[in-house]
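Reviewing the structure listed below.
Every number in this text was worked out from the coordinates using simple rules, so none of it is lab data. Everything numeric here is computed off the predicted structure, so don't read it as measured data. Here the Cβ positions follow ideal geometry from the backbone for every residue, glycine too, while neighbour counts run over all protein chains shown.
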Amino acid sequence: MTNDTPKKSPPISPYFLSTSDKLGDKVIQVVLTGDNYDEWSVKFRGALRARKKTSFIDGSIKKLDEKSEDIEDWYMVNAMVVNWMFNVIEPNLGSTITYVDEAKVLWDDIEQRFNVGNRPKLHRVKGSISACKQGEKEVVSEYYGRLKRLWDELDKYDRNPLCECRGCTFNINNKLDKERDEGKVHEFLLGLVSEYATVRSNLLLQEPPPSLN
């Protein structure tokens with residue numbers, strides 16, 4: 001009998017590099033200029049995630065012992081990630097960053113230097129969200145569009161903490177996302193003009209509360 005069950009592909013090793021991976025690659029289009037760290041870090045992490053290399057900057061894979069049989073593979077991929085990082089840093093800015101040959105140390109150094117000032121930005125965006133109200137002659141979709149842009153900006157500065165518990169059964173990340181979405185529902189409804197007061201009251205009485213969509 002023929003077994004039609006599809007075979008699972010073997011997991012890709014974090015030490016694997018494809019033939020298209022080069023030291024001179026610019027893995028993202030965004031170049032770090034200093035004041036765009038948030039956008040740059042998200043894009044760069046995403047590029048590494050697509051290549052299964054985020055473990056080299058988040059500490060999941062630590063520098064191996066010199067006697068490890070994988071040490072040369074670690075050096076190879078680590079050097080590639082370091083070069084990719086410098087390739088997407090503005091040259092004048094890059095010259096002010098001390099060259100570090102370990103990707104995790106370099107990543108942390110860049111974060112410590114440029115990931116500053118998020119608290120004032122967070123305060124500003126939250127203030128803008130609180131003040132965001134539907135205009136008297138503004139349609140709901142336009143009001144929602146303005147509010148969503150602010151939410152998207154807030155997400156850059158105020159991310160939910162990630163649960164690092166292996167085998168976690170609490171689904172804490174999903175619960176935090178749900179709580180944040182419910183908060184957005186309240187913010188949206190509070191900003192509606194008075195003619196929607198009845199609709200707003202009816203929606204708030206629903207159990208469970210309606211989704212944002």
(request) Report the label-to-label distance for Leu204 and Lys63 in nanometres (one decimal), using points 7 Å from each Cα along the Cα→Cβ vector. (result) 5.7
(message) If I model a spin label as a point 7 Å beyond the Cα along the Cα-Cβ vector, how far apart are those points for Asp73 and Glu90 in nm?
(response) 3.9
(request) Take the chain, connect every pair of alpha-carbon atoms lying under 10 Å apart with a spring to form a Gaussian network, then pick out the residue of Glu179, Glu111, Glu187 with the largest mean-square fluctuation. (result) Glu179
(message) List the chymotrypsin sites (Phe, Trp or Tyr not before Pro) within segment 22-122 that DSSP assigns to loop and that have no more than 10 neighbouring Cβ atoms inside 10 Å.
(response) Tyr99
(request) Note down the Stokes-Einstein diffusion coefficient of segment 37-114 in µm²/s, whole number, using a Kirkwood radius over alpha carbon pairs, 25 °C, and 0.890 mPa s. (result) 188
(message) Check which residues have an amide H placed less than 5 Å from Leu32's amide H, if you skip close sequence neighbours.
(response) Ile89, Glu90
(message) Name the residue from Leu48, Thr96, Leu203 whose Cα lies farthest towards the positive end of the charge dipole of the chain, charges +1 on Cβ of Lys and Arg and -1 on Cβ of Asp and Glu.
(response) Leu203
(message) Just to check, using Stokes-Einstein with a Kirkwood Rh over alpha carbon pairs, what's the diffusion coefficient of the chain at 10 °C and 1.306 mPa s in µm²/s?
(response) 75
(message) Test of understanding: in a Gaussian network model of the chain with alpha carbons linked when under 10 Å, which of Ile28, Ile57, Ile172 would top the mean-square fluctuation ranking?
(response) Ile172
(message) Tell me the net charge near Pro120. Cut-off is 15 Å between Cβ atoms, Pro120 excluded, with +1 for each Lys or Arg and -1 for each Asp or Glu.
(response) +1
